[in-house]
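The values are calculated or read from the model by the stated rules, or taken from the named source; none is laboratory data. Quick caveat: nothing in here was measured; it's all calculated off a predicted structure. Please note: Cβ atoms are built from the backbone with ideal geometry, for glycine as well, and neighbour counts cover all protein chains shown. Surface areas here come from the heavy atoms of the whole protein model, side chains and all, with no ligands, DNA or RNA. Shrake-Rupley method; radii C 1.70, N 1.55, O 1.52, S 1.80 Å.
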Amino acid sequence: MSGYTVAVVGATGAVGTKMKEMLESSTLPIKGIKFLASKRSAGKEITFKEETYIIEELTSEAFLGTDIALFSAGGSISQEFAPEAVKRGCVVIDNTSAFRMDEEVPLVVPEVNPHHLNDHKGIIANPNCSTIQMMVALEPLRQAYGLNRIIVSTYQAVSGAGVSAINELKQQATDMLAGKEEIEANILPCSGDKKHYPLAFNALPQIDVFGEDGYTQEEWKMINETKKIMSDESMSVSATCVRVPVMSGHSESIYIELEKEGVKVSDIQEILKTSHGIVLEDNPKEQLYPQPLTAVGKKEVFVGRIRRDLDVSTGFHMWVVSDNLLKGAAWNSVQIAEKLHEMNLVKVSR
């Protein structure tokens, strides 16, 4: 059988599991697959297309004979092993922040900037989950009308913080409903920061640690990644990122200012309705708008609540929702692999 040998790094994690699912239904021709994880998980069984595979320990030599590797095992793992995979002839699609702002590494959303793949030197970065869905929603409007400014507030699901954060939220909710006074919090808003707060029945305006000018690293990711993906350093972008007690599905309230005057809400709706990867759910009279619950398990980005700003003639507001583990991570990574295949940018090992 012709095709690629594909490796999934971090196969037992939340995103790694979704990568496996997306590969099972992918158009990417796969002749072989291997699942790589820590020594602790090595030896366990995993099923792919109704066949059983043994998880292998992640080592540099594990990439011999591998054509494409999808990484989602943490930034330090990517920094150590992605270059080793490339040395062994593998193209790496990395889902961590390790290489996103590296000038030598393309940062790609296939619906937005697939042409950047032509410049890859072995590693392609998958953007931040919140950045991805925003880019899919805004790029068709930028192409049609130009874009001067973006202000985004996110409502991010706990699944973006990993399986342990999901489990902690469930326990916190159980304890609160049981009337416990002491609620344990060890992970959020950021496991590496000094203080931790419960997320159950709460909202935390901090994702990742704080950086320059009072912005968190998550907010800086959205700002800097947007400019890189759109190849526009002059773009005005601001972000406020909030963790909410939703299991999966990130939501975003986005305000934009277009370059072109005279654009109507119906014009924007018509463009988004026909854009790849977008589902328009925008009928206030019928209370139709995107929701995390209905977006989970779906690959598309959902857009609704489109309305003109009351004071700025070129300003518009919208509500954007997507499954952060799929389009925000696993599906975007697999889409990149499919696009590499379409563009003939992967050399098959012999």
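Once both labels are positioned 7 Å from their Cα atoms along Cα-to-Cβ, the gap between residue 149 and residue 244 label points is 2.4 nm.
Label positions at residue 49 and residue 342, each projected 7 Å from the Cα along the C-beta direction, are separated by 2.1 nm.
Bridgeable aspartates and glutamates around residue 194 (alpha carbons under 12 Å apart, same-chain partners fewer than 8 residues away excluded): 208. Which shape class, rounded, prolate or oblate, goes with segment 224-333 when its Cα gyration tensor gives a ≥ b ≥ c as root eigenvalues, a/c under 1.5 marks rounded, and past that a/b bigger than b/c marks prolate? Here segment 224-333 falls in the oblate category. Just the protein heavy atoms count here, and of the accessible area of the chain at 1.4 Å, carbon and sulfur take up 48 percent. Normalising the average separation of contacting C-alpha pairs (under 8 angstrom, six or more residues apart) by the number of residues puts the relative contact order of the chain at 19 percent. Step through the table entries 227/339; 20/44; 20/49; 227/264; 264/298; 299/347, compare each Cα-Cα distance with 19 Å, and write down the pairs that go over it. Violating the 19 Å Cα-Cα cut-off are 227/339; 227/264; 264/298; 299/347. What FRET efficiency comes out for the pair residue 253/residue 87, r = Cβ-Cβ distance, R0 = 35 Å, nearest 0.05? The computed FRET efficiency comes out at 0.20.
Using per-residue counts of other Cβ atoms within 10 Å, averaged over each peptide, order 41-49, 72-80 from highest down.
Result, highest mean first: 72-80, 41-49.
What separates the Cα centres of segment 175-254 and segment 34-89 is a distance of 29 Å.
Cβ neighbours within 10 Å, averaged per peptide: list 124-136, 171-183 in order, most packed at the top.
Values: 124-136: 27.6, 171-183: 12.1.
Result, highest mean first: 124-136, 171-183.
Fully extending the segment from residue 264 to residue 298 would add 9.4 nm, taking 0.36 nm per residue of separation and subtracting the current Cα-Cα distance.
Taking R0 as 22 Å, what FRET efficiency do you get between residue 236 and residue 308 from their Cβ-Cβ distance, rounded to the nearest 0.05? Given R0 = 22 Å and the Cβ-Cβ separation, E is 0.70.
Find out how many positive minus negative residues lie around residue 157, taking Lys and Arg as positive, Asp and Glu as negative, among other residues whose Cβ is under 10 Å from that of residue 157. Could the numbers behind the result be given before it?
On the way: positive: 243; negative: 323.
It works out to a net charge of 0.
Share of pairwise Cα-Cα distances greater than 33 Å in the chain is 29 percent (whole percent). Within the chain, which DSSP H helices have Cα atoms that stretch 20 Å or more along the helix axis and a mean Kyte-Doolittle hydropathy of at least -1.0? Qualifying helices, which must be both long enough and hydrophobic enough, are 129-145, 163-177. Counting only lysines at least 8 places from residue 195 when in the same chain, those with an alpha carbon closer than 24 Å to its own are 170, 180, 221.
Roughly how many whole Å is it from the C-alpha centroid of segment 140-166 to that of segment 293-350? Computed from Cα coordinates, the inter-centre distance equals 10 Å. Based on protein heavy atoms only, segment 131-322 ends up with 49 Å² per residue of surface accessible to a 1.4 Å probe. For the chain, the Cβ-based charge dipole about the Cα centre amounts to some 620 debye (Lys, Arg positive; Asp, Glu negative; other atoms uncharged). Shape class for segment 122-180: oblate, because the ratio a/c of the largest to smallest gyration tensor axis (alpha-carbon atoms, square roots of eigenvalues) is 1.5 or more and b/c is at least a/b.
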